[in-house]
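Structure first, commentary second.
The values are calculated or read from the model by the stated rules, or taken from the named source; none is laboratory data. Keep in mind that what you see is a predicted model, and the values were worked out from it rather than measured. Because the Cβ atoms are built from the backbone with ideal geometry, glycine has one as well, and the counts that use them run over all protein chains shown.
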């Protein structure tokens, strides 16, 4: 309510009071901590990555989409300029606002979704190592995920299975400890693994104790160059993001040293003991069940970054459609002069900006350890994915027949965008996570 202004002893009139300049200045100083303005460092990073996306990625996008091959030369170019490296990723993550990572991802995927995923696909495995590994493991394995500028490597995170996608509790791959050789023995099949089979480092989620469900899962580092019993299965022929390698990975009595379990075996044994104790308490009715596992921990941390990828694709389609509409003439006028086209473009811009705010909020929260009490990470990924699909579809409509032709990039962006409704938690799963968070109830 605005303040009440007393005009005499008998009556009052409620009307806004215009603040004086001194009050405005004092208020501005007190609230200056809130700002959506990017720092100069963030602007420089954005310009640097955008330049690479515009000059290197986008010109090569159609070729690598059609070839459906990993664009090793472009990954190497990214490595040479320092964009593809653990040092640069660490620098981006050190940003206290949490915004450098989504800024970088948005610009890369503005260049192309498939090539963008080929460049950043390694980060999912890195996130798992960083989030669950010991200091020694982080120092040893994260640099190996990238290799060097002269000998580029990639990494893969292997969680999904043919019958275990959104339902991580259905994971059947096992890891058994062999006391005699002090090794883990992994058996099973992983599906939909980005960089699966071509990666030097695979991070594999497997069940150590099936009776504990997801609490019996652990993550293991499996180096392709050292381990025996790991092999690449069928490569997936995908609808979109074709320049990114996706394949099954098989583990047949794959043996790795005891210390290759993330977090260390001693910590795992302690966690399993607590989980068994908790399971007994649940069975006795003295404790409620809650779920926690390596797959979900990795996905939850990465969801805002995934949303930023979708934003880059959406923005590319919006910008292309806008310029097309300003140049294309029908019935002796630019098609943007038709309200149906102009209003669609206005909504495209609005939806992209709204999604970006959700991504930035979740990125800031994640970086500053602010709990996702309303599943804000899932919100950002859900919104950005839906916006990318809708915006790219509208872009095709604005271009008409040209939008459906492979000569124009919007059809590729539409194919690329659809995955963001599906992977790392489908739209339905994201809504389930949000609903559970805001209700505090178990919703099936």
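Here are some notes:
- Test: residue in the range 377-386 that is assigned to a helix (DSSP H, G or I) and either at positive phi or surrounded by fewer than 21 Cβ atoms within 10 Å (Cβ to Cβ) (or both): yes
- Test: residue 403 is touching a helix residue (DSSP H, G or I) at 6+ places or on another chain (Cβ under 6 Å) and either surrounded by fewer than 21 Cβ atoms within 10 Å (Cβ to Cβ) or within 23 Å of residue 428 (Cβ to Cβ) (or both): no
- Selection within the range 133-155 - more than 16 Å from residue 89 (Cα to Cα) and either surrounded by 20 or more Cβ atoms within 10 Å (Cβ to Cβ) or in contact with a helix residue (DSSP H, G or I) (Cβ under 6 Å, 6 or more places away or on another chain) (or both): 133
- Complete set of residues in the range 217-244 that are in contact with a helix residue (DSSP H, G or I) (Cβ under 7 Å, 6 or more places away or on another chain) and in a loop (DSSP other than H, G, I, E, B): 239, 240, 241, 242, 243, 244
- Criterion (in contact with a helix residue (DSSP H, G or I) (Cβ under 8 Å, 6 or more places away or on another chain), in the same structural domain as residue 240 (by TED's automatic domain parsing) and farther than 22 Å from residue 266 by Cα) met by exactly one of 200, 167: 200
- Filtered by the rule that a residue be within 21 Å of residue 205 (Cβ to Cβ) and touching a residue at least 40 places away in the same chain (Cβ under 8 Å), the range 139-161 gives 141, 142, 144, 145, 153, 154, 155, 156, 157, 158, 159.
- Hits in the range 252-271 (condition: in contact with a helix residue (DSSP H, G or I) (Cβ under 7 Å, 6 or more places away or on another chain), part of a helix (DSSP H, G or I) and over 21 Å from residue 230 (Cα atoms)): 265
- The range 209-245 - residue that is touching a strand residue (DSSP E or B) at 6+ places or on another chain (Cβ under 6 Å) and under 16 Å from residue 170 (Cβ atoms) and, of those, surrounded by the fewest Cβ atoms within 10 Å (Cβ to Cβ): 216
- Index of the failed condition, residue 391 passing every other in (1) part of a helix (DSSP H, G or I); (2) surrounded by fewer than 20 Cβ atoms within 10 Å (Cβ to Cβ): (2)
- Members of the range 135-170 found to be under 22 Å from residue 257 (Cα atoms) and assigned to a loop (DSSP other than H, G, I, E, B), listed by number: 153, 154, 159
- Residue 423 satisfies every condition listed in (1) surrounded by fewer than 24 Cβ atoms within 10 Å (Cβ to Cβ); (2) within 14 Å of residue 304 (Cα to Cα); (3) at pLDDT 95 or above except (3).
- Positions within the range 330-346 being surrounded by 13 or more Cβ atoms within 10 Å (Cβ to Cβ) and either free of Cβ contacts under 8 Å to residues at least 60 places away in the same chain or more than 17 Å from residue 318 (Cα to Cα) (or both), in sequence order: 334, 336, 337, 338, 341, 342, 344, 345
- Those residues of the range 179-197 which are more than 25 Å from residue 68 (Cα to Cα), touching a helix residue (DSSP H, G or I) at 6+ places or on another chain (Cβ under 9 Å) and part of a strand (DSSP E or B), in sequence order: 183, 184
- Any hit, the range 167-186, residues being at pLDDT below 95, over 15 Å from the mean Cα position of the chain (by Cα) and buried (at least 24 other Cβ atoms within 10 Å of the Cβ): yes
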